[in-house]
Amino acid sequence: MSRKEAVLLVSRALAAIQFKRYDELGIAFNLARIAGLMVFALIFWNCSPWLERFLLPTKHEDTAAPDQR
């Protein structure tokens with residue numbers, strides 16, 4: 001085996017190890033994102049009164065346009 005082939009073999013082995021780690025990191029990131037989105041979905045599904053007050057606008061007569069009065 002020539003020196004050039006050995007360097008090529010070692011570099012490909014290191015690349016394979018690094019791509020595996022990036023894949024594991026990507027999978028872990030996606031699982032954490034899915035878990036976070038499920039928590040938000042659960043919060044919005046239960047929609048407690050404070051969340052409803054926070055997200056929905058209140059209806060006041062002061063906010064109506066002058067031509068609608």
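Where a number appears in this text, it was derived from the coordinates with a stated rule and is not lab data. What you are looking at is a predicted structure, and each value in this text was computed from that prediction instead of being measured. All Cβ positions, even for glycine, are placed from backbone atoms using ideal geometry, and neighbour counts span all protein chains on display.
Go ahead and estimate [θ] at 222 nm for the chain from helices alone: -39,500 (n - 2.57) per DSSP H run with n ≥ 4, summed, over the residue count, rounded to 500.
Value at 222 nm, helices only, nearest 500: -26500 deg cm²/dmol.
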Check your understanding: Along the three principal axes, how long is the chain when you take its alpha carbons, biggest first, rounded to the nearest angstrom?
Key -> 89, 31, 11
Check your understanding: Using a simple spin-label model with points 7 Å from Cα along the Cα→Cβ vector, what separation in nm is obtained for Ser2 and Asn30?
Key -> 4.0
Revision key, fill the gap. In degrees, nearest 10, the alpha-carbon axis of helix 3-46 is tilted away from the dominant principal axis of the alpha carbons of the chain by 20
